[in-house]
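A.B. asks: For reference, the structure I am asking about is given below.
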Ligand code: GLA
């Protein structure tokens, strides 16, 4: 893939790029919708990446070509703009991410320089595996390196998140960008989304990370995501705290009757999910797959019954895998919800059977949808070099 970006760059611009930068997608093992509640998440970066081949220009123009985003004639689409212009949304739509990160970098005082960029990715798009965070981090890294202005992985992640919030129009938390920036090969990352402190936790070699995309169209994601966020904020307001991170289970239960029942259930998911995430981190450190199995099962139930972000095809997919792995592995929906992917942590020897059963049984419960199956390895984040 890196080679494809390099060769295309040479073909398009007549010379080799100075450098190629890359950032991975992610899968979240546990800790769903906790990031924007100042809570805990436990994702890993995965071995699907976005590459940006780059070269500095002498003027203040950025020209970017997205090899995977073709027009109706099969030609890769191009975005060109002047850094110092007042940046507004334009075509092609993917340029939102580029314009968004340039805008945020400018706000933070980065001078930037003109650049030619070629973008190539193998992160599945629209699957909930954070192709957008991968793109944002790869772009932030490329743009700041080209102009000789280095920043930390945490800063890059905050810029990517701000680009989503302020320019793209998605009110996401910081998990995706953080793990895409700071993940490490064969490690999961426990992130405290309030302090942004994080800890790398080794993934046992004998386990597989199995990801299955339900291929259910994720129609309601944006609107429902924002509704969940508002409900969580309403609960935090009720308790007069900054975020649900500050509410204990005992406090929540004591006030159950006074709370709106839907808001109570949303809060219950967040409060219990935070604790499950911390417990899952300990279980991972101890190589305790039986405990992880239970925690992932409880997490899925909580997303289904209390947070109400699963759909029948996803619940069915989780059940198919659960029937194979029992308590020898964990499985749950991962990501924002309303479709997307299921993640399973399973002993390597059960991998083939789990895949076989998913291929055979999933189409029967999903009106014939075919699953996309990925066996992933936890991978290096974009900023591992410490820039
Ligand atoms: C999306 C968002 C993240 C996070 C997850 C749910 O991936 O981008 O910030 O909120 O949903 O855990």
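The values are calculated or read from the model by the stated rules, or taken from the named source; none is laboratory data. Everything numeric in this text was worked out from a predicted model, so none of it was measured. Cβ sites come from the backbone with ideal geometry, for glycine too, and all protein chains shown count toward neighbours.
A.B. asks: Condition first: closer than 12 Å to residue 216 by Cα and touching a strand residue (DSSP E or B) at 6+ places or on another chain (Cβ under 7 Å). Now tell me which residues in the stretch 341-370 satisfy that.
C.D. replies: Within the stretch 341-370, 341, 342 meet the criteria.
A.B. asks: Under 6 Å by Cβ, and 6 or more places apart or on different chains, what pairs join a residue from the stretch 23-35 that is part of a strand (DSSP E or B) with one that is near the ligand (Cβ under 6 Å from one of its atoms)?
C.D. replies: Pairs that qualify, where the first residue is part of a strand (DSSP E or B) and the partner is near the ligand (Cβ under 6 Å from one of its atoms), are 26/176.
A.B. asks: Another question, if that's okay. Could you count how many residues in the stretch 137-167 are within 11 Å of the ligand (Cβ to nearest atom) and touching a residue at least 60 places away in the same chain (Cβ under 8 Å)?
C.D. replies: 1
A.B. asks: Scan the stretch 63-89 for residues that are in contact with a helix residue (DSSP H, G or I) (Cβ under 7 Å, 6 or more places away or on another chain) and either touching a residue at least 24 places away in the same chain (Cβ under 8 Å) or assigned to a loop (DSSP other than H, G, I, E, B) (or both) and jot them down.
C.D. replies: 64, 65, 67, 83, 87, 89 - these are the residues of the stretch 63-89 that are in contact with a helix residue (DSSP H, G or I) (Cβ under 7 Å, 6 or more places away or on another chain) and either touching a residue at least 24 places away in the same chain (Cβ under 8 Å) or assigned to a loop (DSSP other than H, G, I, E, B) (or both).
A.B. asks: Continuing with this model, one more query. What number of residues in the stretch 195-212 are more than 30 Å from residue 352 (Cβ to Cβ) and touching a strand residue (DSSP E or B) at 6+ places or on another chain (Cβ under 9 Å)?
C.D. replies: Selection size over the stretch 195-212: 3.
A.B. asks: I would also like to ask the following. Suppose the filter is assigned by TED's automatic domain parsing to the domain that holds residue 218, in contact (Cβ under 8 Å) with a residue 24 or more places away in the chain and more than 16 Å from the ligand (Cβ to nearest atom); does residue 322 pass it?
C.D. replies: The answer is yes for residue 322.
A.B. asks: Follow-up. Quick one: is residue 123 at pLDDT 95 or above and within 16 Å of the ligand (Cβ to nearest atom)?
C.D. replies: Against the criterion (at pLDDT 95 or above and within 16 Å of the ligand (Cβ to nearest atom)), residue 123 qualifies.
A.B. asks: I'd like to check something: does the stretch 338-347 contain any residue that is over 21 Å from the mean Cα position of the chain (by Cα), part of a helix (DSSP H, G or I), surrounded by fewer than 24 Cβ atoms within 10 Å (Cβ to Cβ) and modelled with pLDDT of 95 or more?
C.D. replies: No, that holds for no residue.
A.B. asks: For residues that are part of a loop (DSSP other than H, G, I, E, B), over 19 Å from residue 123 (Cα atoms), touching a residue at least 60 places away in the same chain (Cβ under 8 Å) and away from the ligand (no atom under 14 Å from the Cβ), tally how many sit in the stretch 195-221.
C.D. replies: Within the stretch 195-221, residues that are part of a loop (DSSP other than H, G, I, E, B), over 19 Å from residue 123 (Cα atoms), touching a residue at least 60 places away in the same chain (Cβ under 8 Å) and away from the ligand (no atom under 14 Å from the Cβ) number 4.
A.B. asks: Look at residue 149 and say whether it is modelled with pLDDT of 95 or more and closer than 19 Å to residue 225 by Cβ.
C.D. replies: In short, no.
A.B. asks: Listed residues 382, 370; which is assigned by TED's automatic domain parsing to the domain that holds residue 216 and in contact (Cβ under 8 Å) with a residue 40 or more places away in the chain?
C.D. replies: On inspection, the qualifying residue turns out to be 370.
A.B. asks: So, in the stretch 260-270, exactly how many residues are surrounded by fewer than 22 Cβ atoms within 10 Å (Cβ to Cβ) and either on the phi > 0 side of the Ramachandran plot or in contact with a helix residue (DSSP H, G or I) (Cβ under 6 Å, 6 or more places away or on another chain) (or both)?
C.D. replies: Residues flagged as surrounded by fewer than 22 Cβ atoms within 10 Å (Cβ to Cβ) and either on the phi > 0 side of the Ramachandran plot or in contact with a helix residue (DSSP H, G or I) (Cβ under 6 Å, 6 or more places away or on another chain) (or both) within the stretch 260-270 amount to 2.
A.B. asks: Scan the stretch 289-324 residue by residue and report those that are within 19 Å of residue 232 (Cβ to Cβ), out of contact with any helix residue (DSSP H, G or I) (no Cβ under 6 Å at 6 or more places or on another chain) and crowded, with 21+ Cβ neighbours inside 10 Å.
C.D. replies: 303
A.B. asks: With the condition kept exactly as written, say whether any residue in the stretch 40-52 is at pLDDT 95 or above, assigned to a loop (DSSP other than H, G, I, E, B) and either more than 16 Å from the ligand (Cβ to nearest atom) or buried (at least 24 other Cβ atoms within 10 Å of the Cβ) (or both).
C.D. replies: No; the residues of the stretch 40-52 include none that is at pLDDT 95 or above, assigned to a loop (DSSP other than H, G, I, E, B) and either more than 16 Å from the ligand (Cβ to nearest atom) or buried (at least 24 other Cβ atoms within 10 Å of the Cβ) (or both).
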